[in-house]
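Read-outs throughout are calculated quantities, based only on the coordinates presented, and are distinct from any laboratory measurement. Everything quoted here is computed from the prediction, not taken from an experiment. Cβ sites come from the backbone with ideal geometry, for glycine too, and all protein chains shown count toward neighbours.
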Amino acid sequence: MLFADTLCALDDGKRVACDGWNGHGQWLFRMGGMAAEVNDKMTLGAVAPHLIGDTVTYAPWIAITTFKGGEPTVTPWLASQADMLAADWFVVGS
């Protein structure tokens, strides 16, 4: 599957991965956007206290799930040139 097809799959709520990746068991998914009121317990509130009480919007992003030491880790993901040109993408669980 081509990278462009993965974007459609992500929009449909599916998980995708690439055969060429070094790490096994990792996959991408689309995080939906959300709105949250900033408070003093949030990292954003700690670094930007002037925003406490304001509602901020988090835009959607593509996340990757990796497994380090058997524990899942989710982090934002950015496609490399090699990722975008790869043709060995697949839907996880299909």
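The residue among 92, 62, 72 whose Cα reaches farthest toward the positive pole of the charge dipole of the chain, with charges on the beta-carbon of Lys, Arg, Asp and Glu, is 72. At a threshold of 8 angstrom on Cα-Cα distance, excluding pairs fewer than six apart, so keeping six or more, what relative contact order does the chain reach in percent? The value is 39 percent. Across q = 0.15 Å⁻¹, region 3-91 modelled as identical point scatterers on its alpha-carbon atoms has Debye log10 I(q)/I(0) values of -0.69, in the order of the q list. How would region 54-94 be classified by its alpha-carbon gyration tensor: rounded, prolate or oblate, with rounded meaning a/c under 1.5 and the a/b versus b/c comparison settling the rest? Since a/c reaches 1.5 but b/c is at least a/b, the shape of region 54-94 is classed as oblate. Using the rule -39500 (n - 2.57) for each DSSP H run of four or more residues, divided by the residues of the chain, the 222 nm mean residue ellipticity is -4500 deg cm²/dmol. Note that region 63-76 has calculated 3J(HN,Hα) couplings of 10, 10, 10, 10, 10, 9, x, x, 9, x, 10, 10, 8, x Hz, one per residue in order, obtained from phi through the Karplus relation 6.51 cos²θ - 1.76 cosθ + 1.60 (θ = phi - 60°); glycine and proline are x. Under a model in which nothing but the beta-carbon of Lys, Arg (+1) and Asp, Glu (-1) is charged, the chain shows a dipole of about 160 debye around its Cα centre.
Extending 7 Å from Cα along the Cβ direction at residue 22 and again at residue 37 yields two label points whose distance is 4.5 nm.
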